[in-house]
Amino acid sequence: MRCDDFLELQSALLDGELGARESRDVEAHVARCTHCQATLEDTQDLSGSLRAQAEYFRASAALRSRIEAQIRAEPRAAARMAKPTRIAPGFSLPSWWPRWGMGVAVPVAAAILSFTIGVQFAGPSADERLLGEALGDHARALLTDHAFDVASSDRHTVKPWFADKLDFSPPVRDLGAEGFPLIGGRLDYLDHTRVAVLAYQKRQHEIDVFVWPVVSGASGVSSLTRTSRGYNVVRWSEGGMNFCAVSDVEPDDLKHLMVLIRSAPAG
(Lines give C-alpha, C1' and ligand atoms only; values in the text may rest on other atoms or scores of the structure.)
Protein backbone atom coordinates (compact mmCIF):
# COMPACT_ATOMS: atom_id res chain seq x y z
CA MET A 1 0.00 0.00 0.00
CA ARG A 2 1.21 3.51 -0.88
CA CYS A 3 0.68 6.70 1.10
CA ASP A 4 -1.83 7.89 -1.53
CA ASP A 5 -3.88 4.70 -1.00
CA PHE A 6 -3.83 5.27 2.75
CA LEU A 7 -5.14 8.84 2.36
CA GLU A 8 -8.11 7.59 0.34
CA LEU A 9 -8.98 4.97 2.96
CA GLN A 10 -8.25 6.67 6.27
CA SER A 11 -11.70 8.27 6.61
CA ALA A 12 -13.37 4.93 5.96
CA LEU A 13 -11.04 3.33 8.53
CA LEU A 14 -11.99 5.88 11.19
CA ASP A 15 -15.68 5.43 10.39
CA GLY A 16 -15.44 1.63 10.61
CA GLU A 17 -16.44 1.18 6.96
CA LEU A 18 -13.50 -0.98 5.81
CA GLY A 19 -13.57 -4.74 5.54
CA ALA A 20 -11.23 -6.90 7.58
CA ARG A 21 -8.66 -7.26 4.78
CA GLU A 22 -8.50 -3.54 3.93
CA SER A 23 -8.28 -2.67 7.62
CA ARG A 24 -5.29 -4.99 8.04
CA ASP A 25 -3.59 -3.49 4.97
CA VAL A 26 -4.07 0.06 6.22
CA GLU A 27 -2.92 -0.77 9.75
CA ALA A 28 0.15 -2.57 8.39
CA HIS A 29 1.07 0.44 6.26
CA VAL A 30 0.61 2.84 9.20
CA ALA A 31 2.86 0.65 11.34
CA ARG A 32 5.64 1.04 8.75
CA CYS A 33 5.15 4.69 7.72
CA THR A 34 5.77 7.25 10.44
CA HIS A 35 4.33 10.10 8.36
CA CYS A 36 1.02 8.33 7.71
CA GLN A 37 0.94 7.34 11.37
CA ALA A 38 1.23 11.01 12.34
CA THR A 39 -1.42 11.95 9.77
CA LEU A 40 -3.82 9.35 11.17
CA GLU A 41 -3.20 10.54 14.73
CA ASP A 42 -3.82 14.15 13.69
CA THR A 43 -7.08 13.18 11.99
CA GLN A 44 -8.19 11.20 15.05
CA ASP A 45 -7.39 14.19 17.29
CA LEU A 46 -9.27 16.53 14.96
CA SER A 47 -12.28 14.22 14.83
CA GLY A 48 -12.33 13.94 18.61
CA SER A 49 -12.07 17.71 19.04
CA LEU A 50 -14.91 18.37 16.62
CA ARG A 51 -17.17 15.84 18.31
CA ALA A 52 -16.38 17.21 21.75
CA GLN A 53 -17.05 20.82 20.73
CA ALA A 54 -19.97 20.30 18.33
CA GLU A 55 -23.43 21.50 19.32
CA TYR A 56 -26.31 19.04 19.05
CA PHE A 57 -29.97 19.98 18.87
CA ARG A 58 -32.94 17.71 19.49
CA ALA A 59 -35.76 17.97 16.96
CA SER A 60 -38.92 19.58 18.30
CA ALA A 61 -42.12 17.56 18.61
CA ALA A 62 -43.76 19.60 15.84
CA LEU A 63 -40.88 18.94 13.43
CA ARG A 64 -40.92 15.24 14.28
CA SER A 65 -44.66 15.08 13.59
CA ARG A 66 -44.30 16.79 10.20
CA ILE A 67 -41.54 14.42 9.13
CA GLU A 68 -43.51 11.36 10.24
CA ALA A 69 -46.57 12.61 8.33
CA GLN A 70 -44.50 13.08 5.17
CA ILE A 71 -43.06 9.58 5.52
CA ARG A 72 -46.56 8.10 5.85
CA ALA A 73 -47.71 10.06 2.78
CA GLU A 74 -44.83 8.90 0.55
CA PRO A 75 -46.27 5.45 -0.38
CA ARG A 76 -49.49 7.08 -1.62
CA ALA A 77 -47.58 9.70 -3.60
CA ALA A 78 -45.33 7.02 -5.10
CA ALA A 79 -48.40 5.00 -6.17
CA ARG A 80 -49.87 8.02 -7.95
CA MET A 81 -46.57 8.74 -9.70
CA ALA A 82 -46.25 5.15 -10.87
CA LYS A 83 -49.64 5.19 -12.68
CA PRO A 84 -49.02 6.05 -16.38
CA THR A 85 -51.14 8.31 -18.54
CA ARG A 86 -52.12 6.43 -21.70
CA ILE A 87 -51.92 8.52 -24.86
CA ALA A 88 -51.53 5.90 -27.55
CA PRO A 89 -51.46 2.11 -27.85
CA GLY A 90 -48.11 0.80 -26.67
CA PHE A 91 -46.87 4.18 -25.41
CA SER A 92 -47.32 5.90 -22.07
CA LEU A 93 -46.01 8.92 -20.22
CA PRO A 94 -45.70 9.37 -16.47
CA SER A 95 -48.43 11.28 -14.70
CA TRP A 96 -46.19 14.28 -14.06
CA TRP A 97 -45.77 14.91 -17.82
CA PRO A 98 -47.45 18.25 -18.65
CA ARG A 99 -50.67 18.08 -20.68
CA TRP A 100 -50.08 21.37 -22.46
CA GLY A 101 -49.33 19.94 -25.87
CA MET A 102 -46.00 19.13 -27.48
CA GLY A 103 -45.33 22.77 -28.41
CA VAL A 104 -44.95 23.58 -24.72
CA ALA A 105 -43.93 20.18 -23.37
CA VAL A 106 -40.77 19.87 -25.49
CA PRO A 107 -39.23 23.19 -24.32
CA VAL A 108 -40.16 22.30 -20.74
CA ALA A 109 -38.44 18.93 -21.07
CA ALA A 110 -35.35 20.59 -22.53
CA ALA A 111 -35.27 23.07 -19.66
CA ILE A 112 -35.58 20.26 -17.09
CA LEU A 113 -32.77 18.33 -18.78
CA SER A 114 -30.50 21.39 -18.92
CA PHE A 115 -31.15 22.15 -15.25
CA THR A 116 -30.45 18.54 -14.24
CA ILE A 117 -27.17 18.47 -16.16
CA GLY A 118 -26.17 21.85 -14.72
CA VAL A 119 -26.84 20.74 -11.16
CA GLN A 120 -25.02 17.45 -11.70
CA PHE A 121 -21.88 18.90 -13.20
CA ALA A 122 -21.72 22.36 -11.67
CA GLY A 123 -19.31 22.57 -8.80
CA PRO A 124 -16.13 24.16 -7.61
CA SER A 125 -13.26 24.35 -10.08
CA ALA A 126 -10.05 22.39 -9.61
CA ASP A 127 -8.37 25.55 -8.30
CA GLU A 128 -11.16 26.19 -5.82
CA ARG A 129 -11.02 22.61 -4.54
CA LEU A 130 -7.25 22.81 -4.13
CA LEU A 131 -7.41 26.11 -2.25
CA GLY A 132 -10.09 24.67 0.02
CA GLU A 133 -7.97 21.60 0.66
CA ALA A 134 -4.94 23.75 1.55
CA LEU A 135 -7.08 25.80 3.93
CA GLY A 136 -8.32 22.61 5.61
CA ASP A 137 -4.77 21.26 5.96
CA HIS A 138 -3.64 24.53 7.56
CA ALA A 139 -6.55 24.59 10.01
CA ARG A 140 -6.00 20.93 10.93
CA ALA A 141 -2.29 21.51 11.57
CA LEU A 142 -3.06 24.39 13.93
CA LEU A 143 -5.84 22.55 15.73
CA THR A 144 -3.77 19.40 16.30
CA ASP A 145 -0.58 21.34 17.16
CA HIS A 146 1.27 19.69 14.27
CA ALA A 147 2.51 22.83 12.53
CA PHE A 148 5.79 21.25 11.41
CA ASP A 149 7.79 18.03 11.39
CA VAL A 150 11.09 19.88 11.58
CA ALA A 151 11.33 23.03 13.72
CA SER A 152 14.10 25.39 12.65
CA SER A 153 14.69 28.92 11.42
CA ASP A 154 17.73 27.77 9.44
CA ARG A 155 16.97 27.00 5.80
CA HIS A 156 20.09 24.83 5.70
CA THR A 157 18.36 22.58 8.23
CA VAL A 158 14.85 22.68 6.78
CA LYS A 159 15.76 22.16 3.12
CA PRO A 160 17.90 18.99 3.62
CA TRP A 161 15.14 17.51 5.80
CA PHE A 162 12.94 17.20 2.69
CA ALA A 163 15.68 15.56 0.60
CA ASP A 164 14.76 11.89 1.15
CA LYS A 165 11.03 12.49 1.52
CA LEU A 166 10.12 14.17 -1.78
CA ASP A 167 11.00 13.68 -5.43
CA PHE A 168 11.62 17.42 -5.81
CA SER A 169 13.60 20.04 -3.91
CA PRO A 170 11.42 22.86 -2.56
CA PRO A 171 12.98 26.33 -2.59
CA VAL A 172 13.45 27.46 1.01
CA ARG A 173 13.95 31.19 1.54
CA ASP A 174 15.24 32.96 4.64
CA LEU A 175 12.92 35.97 5.02
CA GLY A 176 13.50 36.85 8.67
CA ALA A 177 15.01 40.22 7.79
CA GLU A 178 11.83 41.09 5.89
CA GLY A 179 9.56 40.22 8.82
CA PHE A 180 8.67 36.65 7.87
CA PRO A 181 11.01 34.35 9.83
CA LEU A 182 11.09 30.70 8.85
CA ILE A 183 9.97 28.49 11.76
CA GLY A 184 9.94 24.99 10.26
CA GLY A 185 8.57 22.63 7.65
CA ARG A 186 6.43 19.52 7.28
CA LEU A 187 5.00 17.12 4.74
CA ASP A 188 1.35 17.26 3.74
CA TYR A 189 -0.94 16.29 0.87
CA LEU A 190 -2.83 18.28 -1.74
CA ASP A 191 -4.98 16.51 -4.33
CA HIS A 192 -3.52 13.14 -3.21
CA THR A 193 0.02 14.42 -3.90
CA ARG A 194 2.74 14.74 -1.27
CA VAL A 195 3.86 18.36 -0.97
CA ALA A 196 6.29 20.40 1.10
CA VAL A 197 4.95 22.92 3.60
CA LEU A 198 7.18 25.78 4.76
CA ALA A 199 6.01 27.46 7.96
CA TYR A 200 6.69 31.18 8.35
CA GLN A 201 5.63 33.58 11.07
CA LYS A 202 4.21 37.10 10.91
CA ARG A 203 3.82 38.63 14.35
CA GLN A 204 1.80 35.97 16.25
CA HIS A 205 0.39 34.36 13.11
CA GLU A 206 1.64 31.25 11.35
CA ILE A 207 1.72 31.14 7.55
CA ASP A 208 1.81 27.82 5.73
CA VAL A 209 3.34 27.90 2.25
CA PHE A 210 2.57 24.71 0.30
CA VAL A 211 5.09 23.92 -2.45
CA TRP A 212 4.87 21.31 -5.23
CA PRO A 213 6.06 21.06 -8.85
CA VAL A 214 4.04 22.31 -11.80
CA VAL A 215 2.87 19.26 -13.76
CA SER A 216 4.69 18.85 -17.06
CA GLY A 217 2.68 20.46 -19.84
CA ALA A 218 0.42 22.35 -17.44
CA SER A 219 0.36 26.12 -17.22
CA GLY A 220 1.16 27.72 -13.89
CA VAL A 221 -0.93 30.28 -12.02
CA SER A 222 0.16 33.92 -12.04
CA SER A 223 -1.80 34.86 -8.90
CA LEU A 224 -5.04 33.70 -7.29
CA THR A 225 -6.43 35.10 -4.01
CA ARG A 226 -9.35 33.87 -1.91
CA THR A 227 -10.80 34.50 1.55
CA SER A 228 -12.79 31.84 3.40
CA ARG A 229 -13.79 31.17 7.02
CA GLY A 230 -11.50 33.88 8.34
CA TYR A 231 -8.44 32.65 6.42
CA ASN A 232 -6.75 34.14 3.38
CA VAL A 233 -5.22 32.06 0.60
CA VAL A 234 -2.84 33.17 -2.16
CA ARG A 235 -1.67 30.83 -4.90
CA TRP A 236 0.93 31.43 -7.60
CA SER A 237 3.57 29.65 -9.70
CA GLU A 238 7.23 30.53 -10.08
CA GLY A 239 10.31 28.71 -11.38
CA GLY A 240 8.47 25.48 -12.17
CA MET A 241 6.90 25.31 -8.70
CA ASN A 242 3.37 25.92 -7.42
CA PHE A 243 3.00 27.90 -4.20
CA CYS A 244 -0.05 28.29 -1.97
CA ALA A 245 0.16 30.48 1.14
CA VAL A 246 -2.54 30.16 3.82
CA SER A 247 -2.98 32.15 7.03
CA ASP A 248 -5.28 34.40 9.01
CA VAL A 249 -2.95 37.38 8.50
CA GLU A 250 -4.16 40.30 6.41
CA PRO A 251 -4.35 39.68 2.63
CA ASP A 252 -1.72 42.38 2.05
CA ASP A 253 0.72 40.47 4.28
CA LEU A 254 0.25 37.30 2.23
CA LYS A 255 0.70 39.23 -1.02
CA HIS A 256 3.87 40.80 0.40
CA LEU A 257 5.17 37.33 1.27
CA MET A 258 4.41 36.19 -2.28
CA VAL A 259 6.44 39.11 -3.68
CA LEU A 260 9.35 38.32 -1.34
CA ILE A 261 9.41 34.61 -2.27
CA ARG A 262 9.25 35.45 -5.96
CA SER A 263 12.10 37.94 -5.74
CA ALA A 264 14.37 36.14 -3.26
CA PRO A 265 17.31 34.11 -4.61
CA ALA A 266 16.52 30.41 -4.93
CA GLY A 267 17.70 28.42 -1.97
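The values are calculated or read from the model by the stated rules, or taken from the named source; none is laboratory data. Computed from a predicted structure; not experimentally measured. All Cβ positions, glycine included, derive from the backbone under ideal geometry; neighbour counts span all protein chains shown. All accessible areas refer to the heavy atoms of the entire protein, side chains included, with ligands and DNA or RNA removed. Shrake-Rupley method; radii C 1.70, N 1.55, O 1.52, S 1.80 Å.
So, in nm, how far is label Asp252 from label Ile67 when the simple model puts each one 7 Å beyond its Cα toward the Cβ?
Inter-label distance under the simple model: 4.9 nm.
Answer rounded, prolate or oblate for the stretch 159-256, using the Cα gyration tensor with square roots of eigenvalues a ≥ b ≥ c: rounded when a/c is under 1.5, else prolate when a/b is larger than b/c, else oblate.
Working: a/c = 1.71, a/b = 1.22, b/c = 1.40.
Oblate.
Give me the accessible area per residue for the stretch 1-41, probe 1.4 Å, as a whole number in Å². The partial results should precede the final answer.
Working: 2500 Å² over 41 residues.
Result: 61 Å² of accessible area for each residue.
Among the aspartates and glutamates, which fall within straight-line cross-link reach of Lys202, defined as a Cα-Cα distance under 20 Å, with same-chain neighbours fewer than 8 residues apart omitted?
Asp137, Asp145, Asp149, Asp154, Asp174, Glu178, Asp248, Glu250, Asp252, Asp253
Rounded to a whole number, what % of the accessible area of the stretch 139-267 do carbon and sulfur atoms account for, probe 1.4 Å? Write out the running numbers ahead of the final one.
Details: 2920 of 5980 Å².
Using a 1.4 Å probe with all protein chains present, the stretch 139-267 comes out at 49 percent carbon and sulfur.
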